[in-house]
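Take a look at the structure below.
The values are calculated or read from the model by the stated rules, or taken from the named source; none is laboratory data. As the structure is a prediction and not an experimental result, all values here were calculated from the model. Glycine gets a Cβ as well: all are built from the backbone with ideal geometry, and neighbour counts include every protein chain shown. For accessibility, only protein heavy atoms count, side chains too; no ligands or nucleic acids. Shrake-Rupley method; radii C 1.70, N 1.55, O 1.52, S 1.80 Å.
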Amino acid sequence: MLPDNVPADLAQPTHAGPLATAQTQLAGAIERLGYDAGMHAMLATPRREINVAIPLRRDDGRTELFHGFRVQHNVSRGPGKGGLRFHPSVDVDEVRALAMWMTWKCAVVELPYGGAKGGVAIDPRLYSQGELERVTRRYTSEIMPMIGPERDIMAPDIGTDAQTMAWVMDTYSVNKGYTIPGVVTGKPLEVGGSLGRATATSRGVVHASRAAIGEAGLELSDVRVAIQGFGKVGSNAAVFFAEGGARVEAVSDEYGGVHRSGGLDVPRLMDHVRDTGSVVDFDGGDPIDNAALLTLDVDVLVPAAVEGVISSQNAADVKARWVVEAANGPTTAKADAALAERGTVVVPDILANAGGVIVSYFEWVQAQQAYWWTEVEIEQRLEERMLHAYSAVAEISRREKVSLRDGALLLSVQRVAGAHRTRGLYP
Ligand code: GLU
């Protein structure tokens, strides 16, 4: 439960969605750590939020209005860091939850950042590139006072990509009067992006999976994998799992899925997706829907889409021994408890999908120094950081006899609270 001195709209999220899950997770960590209500309120409440209206002139001359948000959950350990999401279901509570998870994620992998997130409630598939560019530039201009390379650094998330980041960077830079690549990460290479950034989240997911199954003495070639969500993260994870020798038996996207016992031919599947835009109708397997995929008899289940897909409705039917959370918040708090009871090992989002923000950090460091690393350097440092963070979380979980999620939260909440205490209060 939240302490009394937390604003009413945070204490009662508008729906039992991601914010409720994030607050329940935090409350559990606070209780274990024995922190007081004041510290709880500080960590439960975003430092800063902005809510903007974004008018768009459509290509046909009509005007349409969108709502956008940027939330800085915590900036005690460094500038805010986190993605920008374009999705029709974006609302302020979702962005608050995602910003809080960014705080814990950056702390768990020891990046010198706080947590932030942005979102615009728009379905990007329904708009032209020109329209998306105008929305991005207007959003950036509205939130301009809040962002900057030492203040709050954006990156891609669902519905946005390297091109979106280039527009953000350009809008910000033109307004400041000089080029400032460090205001965003996940940029195209030609404007200061980093090698390895586009696939970093997926590589990190596979490193985390390898570490988790390794604890049971297994290797990638021993496991069958199902991936729910076939966007940037899920599709590249399928490639890296297959390259590592795992059998990727099922994948799905928002339109449907495909399943083949013994493993799908991932390179051929990727060609099909490139040609048709979906995994549906791939001739190398049988159709399967999203719900059935989540409860398939596989070893590793990788939710790689949106929040809340593993809930109390289906948690009891999840058969995978490991759930590796490539998405942010795919498991509700209730489902998490149910999975833990059944001995399912959940590698939590704030650890499993941290590869993206780790290479974002590398990109930001490179931009600040104007000195670029090789792909090999980036891949090695990413792997080192992922494995180091995994070991630290696994150790604390063993010591405290808690799940990997609770271990990761204990570690990160402690780090953020430590920064608060050391800095003290002003005035
Ligand atoms: N959107 C990604 C995430 O949720 C990356 C964030 C970043 O690189 O700042 O972790």
Links that overshoot a 22 Å alpha carbon limit, given the list LYS117/LYS401; LYS81/LYS401; LYS81/LYS176; LYS187/LYS232; LYS105/LYS232: LYS117/LYS401; LYS81/LYS401
For LEU387 and VAL365, FRET efficiency with R0 = 22 Å and r from the beta-carbon atoms, rounded to 0.05? 0.65
Amide H of ILE288: which non-local residues (sequence gap of 5 or more, or other chain) have their own amide H closer than 5 Å, using H built in the peptide plane? GLY257, VAL258, HIS259
How do 168-180, 289-301, 342-354, 248-260 rank on mean C-beta neighbours within 10 Å, highest first? 342-354, 248-260, 289-301, 168-180
I'd like the distance between the alpha-carbon centres of the stretch 199-251 and the stretch 44-102, rounded to an integer number of Å. 30
Given THR201, LEU19, VAL266, which one lies farthest toward the positive end of the charge dipole of the chain, if we put +1 on the Cβ of every Lys and Arg and -1 on the Cβ of every Asp and Glu? LEU19
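Do the sum for the chain: with -39,500 (n - 2.57) for every DSSP H run of n ≥ 4, divided by all residues, what is the mean residue ellipticity at 222 nm, to the nearest 500 deg cm²/dmol?
Details: 15 runs with 192 residues, N = 427.
That calculation yields -14000 deg cm²/dmol at 222 nm.
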Projecting each Cα onto the charge dipole of the chain (Lys/Arg +1, Asp/Glu -1 at the beta carbon, about the Cα centre), which of GLY329, VAL279, THR185 comes out farthest on the positive side? THR185
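Let me check I've understood the local charge: for ASN290, count other residues with C-beta under 11 angstrom from its C-beta, Lys and Arg +1, Asp and Glu -1. What total comes out?
Charge balance in the 11 Å sphere: -3.
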Within the stretch 185-219, the residues whose backbone N lies under 15 Å from a label point placed 7 Å from the Cα of TRP372 along the Cα-to-Cβ direction are 186-198
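Multiplying the sequence separation of ASN5 and ASP283 by 0.36 nm and subtracting their Cα-Cα distance, what value in nm do you get? Please list the in-between numbers first.
Values: separation 278, 0.36 × 278 = 100.08 nm, distance 5.67 nm.
Contour length minus the Cα-Cα distance gives 94.4 nm.
Full-extension gain between LEU33 and LEU189, please, as 0.36 nm times their residue separation minus the C-alpha to C-alpha distance. Before the final figure, lay out the partial values.
Numbers: separation 156, 0.36 × 156 = 56.16 nm, distance 4.27 nm.
Full extension of this stretch gives 51.9 nm more.
Please find the FRET efficiency linking TYR255 to ALA292, where r is the Cβ-Cβ separation and R0 is fixed at 25 Å, and quote it to the nearest 0.05. Each step should come with its number before you reach the end.
Details: r = 14 Å, r/R0 = 0.58.
Computed FRET efficiency for TYR255 and ALA292 comes out at 0.95.
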Enumerate the amide H contacts of LYS81 below 5 Å, restricted to partners 5 or more residues apart or on another chain; note that Pro and chain-start residues carry no placed amide H. GLY114, GLY115, ALA116, ILE153
If R0 is 60 Å, what FRET efficiency do you get for SER141 and GLU400 from their C-beta distance, rounded to 0.05? 0.85
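Taking the highest mean first, how do the peptides 324-334, 154-164, 44-54 order by number of other beta carbon atoms within 10 angstrom per residue? Please report the intermediate quantities before stating the final value.
Working: 324-334: 25.6, 154-164: 23.1, 44-54: 17.1.
Top of the packing list down: 324-334, 154-164, 44-54.
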Which whole-number value in Å² is the accessible area per residue of the stretch 20-59, probe 1.4 Å? 46
Enumerate the calculated ³J(HN,Hα) couplings along the stretch 293-300 in order (Karplus 6.51 cos²θ - 1.76 cosθ + 1.60, θ = phi - 60°), each rounded to whole Hz, writing x wherever the residue is Gly or Pro. 4, 5, 10, 5, 7, 10, 8, 10
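Go through 367-375, 208-216 and give me the packing order, highest mean Cβ count within 10 Å leading. Show your work: numbers first, answer last.
Values: 367-375: 12.7, 208-216: 20.0.
Descending packing order for the listed peptides: 208-216, 367-375.
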Label zone at GLU341 (point 7 Å along Cα-to-Cβ), backbone N below 20 Å, the stretch 394-427: 401-407
Selected from THR63, THR199, THR103 as most flexible by GNM, with the chain as the system and alpha-carbon contacts under 10 Å: THR63
